[in-house]
1. Can you name every residue in the range 45-56 that is open to solvent by 40 Å² or more (accessible area, probe 1.4 Å) and not charged (D, E, K, R)?
2. Of all residues in the range 10-20, how many are free of Cβ contacts under 8 Å to residues at least 24 places away in the same chain, part of a helix (DSSP H, G or I) and within 11 Å of the chain's Cα centre (by Cα)?
3. Sort out which residues of the range 4-22 are closer than 20 Å to Val39 by Cβ and either aliphatic (A, V, I, L, M) or open to solvent by 30 Å² or more (accessible area, probe 1.4 Å) (or both), and write them in order of number.
4. Please find, among Ile34, Ile59, Ile42, Ile38, the residue that is in contact with a Pro (Cβ under 8 Å, 6 or more places away or on another chain), assigned to a helix (DSSP H, G or I) and surrounded by 17 or more Cβ atoms within 10 Å (Cβ to Cβ).
5. Regarding the range 35-48, can at least one residue be identified that is of a type outside the set (A, V, I, L, M, F, W, C), under 11 Å from the mean Cα position of the chain (by Cα) and on the phi < 0 side of the Ramachandran plot?
6. Does Lys4 count as modelled with pLDDT of 95 or more and within 11 Å of the chain's Cα centre (by Cα)?
Amino acid sequence: MIVKAEQIEVLKPYIENIEDLIAEGDVQAVLDAIDDVIVDNILGNDDEPDDEGIKLQKIYDEIFDQN
């Protein structure tokens, strides 16, 4: 699985076990965890992502494309 160190650092505050998920090698599990955070962000902001949600969506897309 390809995940950059910068991406992991951004995700750590949102997904406490991100490194464990990455170590397991299941790309879909990582993407699902990120998606859960994105959905929470959208629901907390009147059904629209804020800057944080947009940043997380970009990382989701990058990891998807990298793998």
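The values are calculated or read from the model by the stated rules, or taken from the named source; none is laboratory data. Not measured: the values here are computed from a predicted model. All Cβ positions, even for glycine, are placed from backbone atoms using ideal geometry, and neighbour counts span all protein chains on display. What goes into the accessible areas is simple: the full protein's heavy atoms, side chains included, and nothing from ligands, DNA or RNA. Shrake-Rupley method; radii C 1.70, N 1.55, O 1.52, S 1.80 Å.
1. Listed by number, the residues that qualify are Asn45, Pro49, Ile54.
2. So in the range 10-20, the residues free of Cβ contacts under 8 Å to residues at least 24 places away in the same chain come out as 12-13, 15-20.
When the remaining residues are screened for being part of a helix (DSSP H, G or I), the result is 18-20.
Still in the running and within 11 Å of the chain's Cα centre (by Cα): 18.
Going through the range 10-20 one residue at a time, the tally reaches 1.
3. The answer is Val10, Leu11, Lys12, Pro13, Tyr14, Ile15, Glu16, Asn17, Ile18, Leu21.
4. Details: Ile34 fails: in contact with a Pro (Cβ under 8 Å, 6 or more places away or on another chain); Ile59 fails: in contact with a Pro (Cβ under 8 Å, 6 or more places away or on another chain); Ile42 fails: surrounded by 17 or more Cβ atoms within 10 Å (Cβ to Cβ).
The unique qualifying residue is Ile38.
5. yes
6. No; evaluated as a whole, the condition is false for this residue.
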